[in-house]
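For reference, the structure discussed in these notes is given below.
Here, each number is a calculation from the coordinates, and none is a lab measurement. Given the structure is predicted, the values throughout are model-derived calculations rather than measurements. Cβ sites come from the backbone with ideal geometry, for glycine too, and all protein chains shown count toward neighbours.
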Amino acid sequence: MEDVTNQPFRRIAKRIADPGLMFTEFVSAMAVHYAAEKTAKKMRIHPEERPLGIQIFGGDPEIMAETARHAEEMGADILDINMGCWVPKVCRTGSGAALLKDPDIATNIVASVVKAANIPVTVKVRAGWDYSLFAAPDLAKRFEDCGIQAITLHARYAKQGFDGMADWELIGRLKQSVSIPVIGNGDIKEPDDARTMMRETGCDAVMVGRAAISNPWKLRDIRMALTGAGVGSPPTLKERVDTALEHIRLMIELEEREDLGTGGPTPELRACRALRGQIPLYIKGVQGAPGIRAKLSVCSSYDEYAEVLGTVLAENY
Ligand SMILES: Cc1cc2nc3c(=O)[nH]c(=O)nc-3n(C[C@H](O)[C@H](O)[C@H](O)COP(=O)(O)O)c2cc1C
């Protein structure tokens, strides 16, 4: 997830939740082609977080193949092709969910990536471009013939964005039409949702997005529910604050390692800015949180974050 599943988040999620598989933020094939520095960082893998998929997006079969090879060299265990992103900036370039409208180009891209890669390839789709066509089954069959190993369905149409509810029935229908594993996605908020999705659709695995943002414990609870491992205890406020601080610390370390010394903002400032959306969510629901969240969304150093989060702890004990 863009701006969410950065490497520090994935390491924390691995430690706390141990999900079966995680994915990087999506990586633009075009940016890799032009050697964009920010993109290389997105593909940096830490040994602790495996197995890990690198997700790539693009509209050109050759450039996607080149990116697949690059992602494999970076150490990806799996390559995932994004055909679910509906935002105009992405779709305008013929990438992401725009490919749902063009099965031939979509299939060429998948074939080209499968041919280039020595690791398993998966694809993430939405149901279709708009309500007029449930395109996923036909696409999935074509992709299966190309040799992909699994397909993920975010059970909304691209035109919906995030409106309405995901239609899980579509996941069941997709499952009926292919032999490869189907990963169901959309609106899993609680462990019971994951159980229900698996039972009602017959899908082979579930993918959790928004419920996991700054909340690896929710991911842990969902994994435990699905594997019959009991129920975890809810995190204390101190655990949430300590984890937020760990996230910042790991992000600063990552930025320091990646620093090319070419000037501009310091690694610490870059890290703090990058996490301004995520850190406030660690204290969601805490008394006085809205005011504190506003303060957290402008922090520029580890010490500033630590001071504000320290106040949260002091005021809530
Ligand atoms: C902030 C944000 C970033 C996202 N970035 C990606 C992405 O890079 N690649 C992707 O396949 N899906 C991305 N998604 C979509 C999610 O992976 C997921 O399909 C969607 O949120 C529905 O699942 P959920 O209800 O569990 O959140 C993103 C969603 C959000 C909210």
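How big is Rg to Rh over the stretch 23-80, alpha-carbon atoms, Rh as the Kirkwood inverse-mean-distance radius? Before the final figure, lay out each step's value.
Numbers: Rg = 10.3 Å, Rh = 11.1 Å.
My calculation puts Rg/Rh at 0.93.
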What is the calculated FRET efficiency for residue 297 to residue 77, with r their C-beta to C-beta distance and R₀ = 35 Å, to the nearest 0.05?
-> 0.55
Just how far, in whole angstrom, is the stretch 80-156 from the stretch 1-47 if you go by their alpha carbon centroids?
-> 20 Å
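Write down, largest first, the equivalent ellipsoid semi-axes of the stretch 82-121 in whole Å, where each equals the square root of 5 times an eigenvalue of the alpha-carbon gyration tensor.
Working: eigenvalues 85, 23, 10 Å².
Sorted largest first and rounded, they come to 21, 11, 7 Å.
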Residue-averaged [θ]222 nm for the chain, counting only DSSP H segments that reach four residues, each worth -39500 (n - 2.57) = -14000 deg cm²/dmol
Residue farthest toward the positive end of the dipole of the chain, with Cβ of Lys/Arg at +1 and Asp/Glu at -1: which of 264, 165, 106?
-> 165
Using alpha-carbon pairs under 8 Å, 6+ residues apart, how would you state the relative contact order of the chain in percent?
-> 12 percent
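Looking only at Cα atoms, what is the convex hull volume of the chain per residue, in Å³? Can you show the working numbers first?
Working: hull volume 41.6 nm³, N = 317.
That works out to 131 Å³ per residue.
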Across 10 Å bins beginning at 0, the whole-percent shares of Cα-Cα pair distances in the stretch 152-262 come to 13, 33, 26, 20, 7, 0
With N denoting the number of residues in the stretch 76-161, provide Rg(C-alpha) divided by 2.2 N^0.38 Å, to two decimal places.
-> 1.00
If the convex hull of the alpha-carbon atoms of the stretch 223-279 is projected onto planes in all directions, what is the mean projected area in square nanometres?
-> 5.5 nm²
Between residue 115 and residue 48, what is the spin-label point distance in nm, taking each point 7 Å from the Cα along the Cα→C-beta axis?
-> 4.1 nm
Across 5 Å bins beginning at 0, the whole-percent shares of Cα-Cα pair distances in the stretch 92-233 come to 2, 10, 19, 20, 19, 15, 10, 4, 1, 0
Suppose every K and R has +1 on its Cβ and every D and E has -1 on its Cβ; what is the size of the dipole of the stretch 7-227 about the Cα centre, in Debye to the nearest 20?
-> 540 debye
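Compute, for the stretch 1-129, the length of the dipole vector about the Cα centre, with Cβ point charges of +1 (Lys, Arg) and -1 (Asp, Glu) only. Units Debye, rounded to 20. Write out the running numbers ahead of the final one.
Working: 16 positive and 16 negative charges, 67 e Å.
Magnitude of the dipole: close to 320 debye.
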Histogram of C-alpha separations across the stretch 53-116, 10 Å bin width, % | 25, 54, 20, 0
The Cα radius of gyration of the stretch 114-166, divided by 2.2 N^0.38 Å with N its residue count, comes to 1.26
Ranked output for segments 79-88, 40-49, 267-276 by mean other Cβ atoms within 10 Å, highest leading, reads 79-88, 267-276, 40-49
Can you tell me the relative contact order of the stretch 76-143? Whole percent, Cα pairs under 8 Å, sequence separation 6 or more.
-> 38 percent
Debye log10 I(q)/I(0) at q = 0.26, 0.27 Å⁻¹ for the stretch 237-315, Cα point scatterers | -1.22, -1.30
Looking at 188, 95, 8, which one has the Cα that reaches farthest to the positive end of the dipole of the stretch 7-227 (charges on Cβ: Lys, Arg +1; Asp, Glu -1)?
-> 8
